[in-house]
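The values are calculated or read from the model by the stated rules, or taken from the named source; none is laboratory data. No experiment lies behind these values; they were computed from the predicted model shown. Here the Cβ is made from the backbone with ideal geometry for all residues, glycine too, and neighbour counts use every protein chain on show.
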Amino acid sequence: MKFRPLHDRVVIRRLDAEEKTVGGIIIPDTAQEKPMEGEVVAAGPGARNEQGQIVNLEVKAGDRILFGKWSGTEVKLDGEELLIMKESDIMGIIEGIPAAKKKAA
């Protein structure tokens, strides 16, 4: 199934959280928080301004981003858990580190 977000919405795939602390303690799945880092899977064309012109989004597919802990709506597409959120819920783009291919469970 193909999914194309509308307006200024973005589809996000959560990236795996660290399973160990800096000291080497392994954190069990039940105690781990959901990661606030993800990869943009798809982005809409942008929102319209007051003049009716489309303002392009800052993010694009493949960008690695940070978002708020409670941001977005969780959906399941083709058996994969994804988030859909507005671009304004994204805190920033992480540059210099390519988005990992692994996803959160």
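Applying the criterion of being under 22 Å from the mean Cα position of the chain (by Cα) and surrounded by fewer than 15 Cβ atoms within 10 Å (Cβ to Cβ) to the residues of segment 21-35, the residue that is modelled with the lowest pLDDT is 31. The residues of segment 36-57 that are in a loop (DSSP other than H, G, I, E, B) and closer than 13 Å to residue 7 by Cα, listed by number, are 44, 45, 46, 49, 52, 53, 56, 57. You will find that of 38, 46, the residue that is at pLDDT 60 or above and farther than 15 Å from residue 72 by Cα is 46 and no other. Selection of segment 73-98 for residues being over 18 Å from residue 44 (Cα atoms) and touching a residue at least 60 places away in the same chain (Cβ under 8 Å) yields 78, 80, 81.
Filtered by the rule that a residue be within 23 Å of residue 95 (Cβ to Cβ), surrounded by fewer than 13 Cβ atoms within 10 Å (Cβ to Cβ) and not basic (Lys, Arg), segment 59-85 gives 61, 62, 68.
Reported count of residues in segment 82-98, each being more than 11 Å from the chain's Cα centre (by Cα) and not polar (S, T, N, Q), is 5.
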